[in-house]
Amino acid sequence: MASAGPRATMAPSVPLRYTSDEGMSMEYANSHQQVWEEVLARLVGACLSLYGERLVSLVVFGSVGRGTPRPDSDVDLLIIAEGLPNGRMRRVEEFGAVEESLRKALRAWRERGVSTCLSPVFKTPEEALQGSPLFLDMVEDAKILYDRRDFFAALLSALRERLAQLGARRIWHGDAWLWDLKPDYRPGEIFEL
């Protein structure tokens, strides 16, 4: 009997919200929602095509991950893959194949009112396990599009648990936020995430 391969979680769609203060008609917002859903579906396919079995996790964060993109929002994404080249520039070069495969679609989406670009962050599984301050931004706002063996979901779950133990909270100031990682912190105290 052939093996089905490693289990992976894939998100079927990303619910998007547009607030009335953005001045968009519902029809306009719905057409953009459809485009964003197409963007993410095509992105998953392109990444699976490039990385194949090396792909561990594909995660969207930022405004697209929160489901609140503007028509000009970029797509912030975390790619966790095995066997990535050393160095950011080599990883970006390799990712160029994804951007190339989406070039016509990006042009078509621009004609439909969504002018986006891809902003990838690359990590190997080993690098992801070391943690990153960037993951704090994903605790509440990430949309996991692909996750082999729930690798990144487990990592985020552990981070959420640790933040809860510390009593950490995210504090919003307008459109930005900061983290109070340990509200009862005392000078000289050492703690780890």
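The values are calculated or read from the model by the stated rules, or taken from the named source; none is laboratory data. Nothing here was measured: the structure is a model prediction, and the numbers come from that model. Cβ coordinates were reconstructed from backbone atoms using ideal geometry, including for glycine residues, and neighbour counts include every protein chain displayed.
For segment 179-188, state whether one or more residues are aromatic (Phe, Trp, Tyr) and assigned to a strand (DSSP E or B). Yes, the conditions are met somewhere in segment 179-188.
Can you tell me which residues in segment 163-186 are surrounded by 12 or more Cβ atoms within 10 Å (Cβ to Cβ) and charged (D, E, K, R)? Passing the criteria: 169, 170, 180, 182.
It is to be established whether one or more residues within segment 11-20 are touching a strand residue (DSSP E or B) at 6+ places or on another chain (Cβ under 8 Å) and modelled with pLDDT under 90.
yes
Among the conditions (1) closer than 30 Å to residue 47 by Cα; (2) surrounded by fewer than 15 Cβ atoms within 10 Å (Cβ to Cβ); (3) among the acidic types (Asp, Glu), the only one that residue 189 does not satisfy is (1). Just one of the listed residues (70, 103) is farther than 18 Å from residue 55 by Cα, more than 19 Å from the chain's Cα centre (by Cα) and of a type outside the set (Val, Ile, Thr), namely 103.
Just checking, does segment 68-88 include any residue being charged (D, E, K, R), within 13 Å of residue 44 (Cα to Cα) and part of a helix (DSSP H, G or I)? There is no residue in segment 68-88 that is charged (D, E, K, R), within 13 Å of residue 44 (Cα to Cα) and part of a helix (DSSP H, G or I). For segment 66-94, the set of residues classified as of a type in the set (S, T, N, Q) and touching a residue at least 40 places away in the same chain (Cβ under 8 Å) consists of 68, 73, listed by residue number. Within segment 89-106, the set of residues being assigned to a helix (DSSP H, G or I) and touching a Leu at 6+ places or on another chain (Cβ under 9 Å) comprises 90, 91, 94, 95, 97, 98, 99, 101, 106. When the residues of segment 61-106 are filtered to those that are of a type in the set (Gly, Ala, Ser) and closer than 24 Å to residue 153 by Cα, which remaining residue is modelled with the lowest pLDDT? By that ranking, first place goes to 67. Here residue 145 passes the criteria (1) under 19 Å from residue 54 (Cα atoms); (2) in contact with a Phe, Trp or Tyr (Cβ under 9 Å, 6 or more places away or on another chain); (3) not β-branched (Val, Ile, Thr) except the one numbered (2). Just one of the listed residues (50, 58) is outside any helix (DSSP H, G or I) and either aromatic (Phe, Trp, Tyr) or at pLDDT 95 or above (or both), namely 58.
Per the conditions (1) buried (at least 19 other Cβ atoms within 10 Å of the Cβ); (2) in contact (Cβ under 8 Å) with a residue 60 or more places away in the chain; (3) of a type outside the set (Asp, Glu), the sole criterion not satisfied by residue 113 is (1).
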